[in-house]
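Down below is the structure, laid out as structure tokens.
The values are calculated or read from the model by the stated rules, or taken from the named source; none is laboratory data. These numbers were taken from a predicted model, which means no experiment stands behind them. Don't worry about glycine lacking a Cβ; one is built from the backbone with ideal geometry, like all the others, and counts go over all protein chains shown.
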Amino acid sequence: MVTDNSTGERFCARCGFVINERIDDNSGPERRAFSKEEHEDRARTGLPSSLAVHDMGLATMIGHDDRDSTGKPLSVSMKSTIKRLRKWDSRSQIHESQDKNFRQAFSELDRIKDKIALSNSVVEKTAYIYRKAVEKNLTKGRSISGMIAAAIYLACRETGTPRTLNDVACQINIKRKDVSRCYRLLLKELDLTMPVVDPIRCISRIANQVKLSEKVKRHAITILEDANKIEITAGKDPMGLAAAALYLSCVINNDVVTQKVIAKAAGVTEVTIRNRNKGLRELLDIKIPSKPNMANIAQI
DNA sequence: TAAGATAAGAGGGACAT
DNA sequence: ATGTCAGTCTTATCTTA
């Protein structure tokens, strides 16, 4: 059994069977303590600082009454020192609009992360990317939701978490093309290169959703591996490929699943499955038993 | 009812102007 | 910068088994 903190999935290391898609990341030290020993034991105190909090959880302001920590009035020289510090402290708030931006973006992020089961590492990565984007002034004139959506998608791609543009766009309630535009902008401006999504990773996600057998899943993976070898996968939607491979695998294994069901789980249309299906069959020269019969079942 | 076929349209990359 | 082209995917509709 392996836990993948980057995708938030727990699966069998040998066969890839996904047990549950969402796990809590408990790998960090405990934050609460119930006894004195525990209290002394715990490795950190307070909330962890996070990139996904607008001020990274480190809000400190200099107060306005001129007293020290014990409540005594400050000396005159200290008073003037504090006054100067206070001035700079407030000047640092010229980043207020940026701060507002982060606040809105990260509340959006927080709202979405549960909906599409994002792990903490994806959330942190998203926040990091978003901060970079703001730094580079990429958010000016663009919607915050669009940019945060793009950052989420980017973080998913980077961590190999199989989420589609549509997954993200739907939850944020924004058009797919807007997210994709922002996404490409981020790629370009932040000088990032993204490896193509491995369709094989998509298979477990779809198969899990449709509750397909391990045999079908493994067969679909071998189909995709073959397809990769003869290079017919370039430029195709990885989800579509994965869906088609799964469908093909179902047919071969006499598993009755409709294209519709798989298409829905994969987030592609039936037509796409059919097209990929056709390509896979032709180029891999896969023979389909025309009618399921006992001979076929016996063979398997 | 599921699967296949076909056509129109959208969005984006490559390339030329 | 703008237009065109080939290729992909989606939506919609019709036919076939």
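Points worth noting:
- Test: residue A:150 is in contact with a Cys (Cβ under 7 Å, 6 or more places away or on another chain) and in a helix (DSSP H, G or I): yes
- Wholly enclosed helices (runs of 4 or more DSSP H) of the range A:196-275 bearing at least 1 residues farther than 26 Å from residue A:117 by Cβ: A:214-229, A:238-252
- Residues of the range A:222-243 that are surrounded by 15 or more Cβ atoms within 10 Å (Cβ to Cβ), without any contact (Cβ under 8 Å) to a residue 40 or more places away in the chain and more than 16 Å from DNA strand B (Cβ to nearest atom): A:224, A:228, A:233.
- Residue match in the range A:204-212 (condition: over 25 Å from residue A:153 (Cα atoms) and either at pLDDT below 80 or over 23 Å from the mean Cα position of the chain (by Cα) (or both)): yes
- Failed condition for residue A:106, given (1) at pLDDT below 80; (2) in a helix (DSSP H, G or I): (1)
- Close pairs from the range A:260-276: first on the phi > 0 side of the Ramachandran plot, partner among the basic types (Lys, Arg) and assigned to a helix (DSSP H, G or I), Cβ under 9 Å, at least 6 apart: none
- For the range A:178-185, the condition of being under 30 Å from residue A:145 (Cβ atoms), outside any helix (DSSP H, G or I), in the same structural domain as residue A:129 (by TED's automatic domain parsing) and within 13 Å of DNA strand B (Cβ to nearest atom) holds for none of the residues.
- Filter result for residue A:166 (within 14 Å of DNA strand B (Cβ to nearest atom) and among the polar types (S, T, N, Q)): yes
- Unmet criterion (only one of (1) away from DNA strand B (no atom under 16 Å from the Cβ); (2) in contact with a Phe, Trp or Tyr (Cβ under 6 Å, 6 or more places away or on another chain); (3) hydroxyl-bearing (Ser, Thr, Tyr)) for residue A:121: (2)
- Residue check, residue A:281 without any contact (Cβ under 8 Å) to a residue 40 or more places away in the chain and within 12 Å of DNA strand B (Cβ to nearest atom): yes
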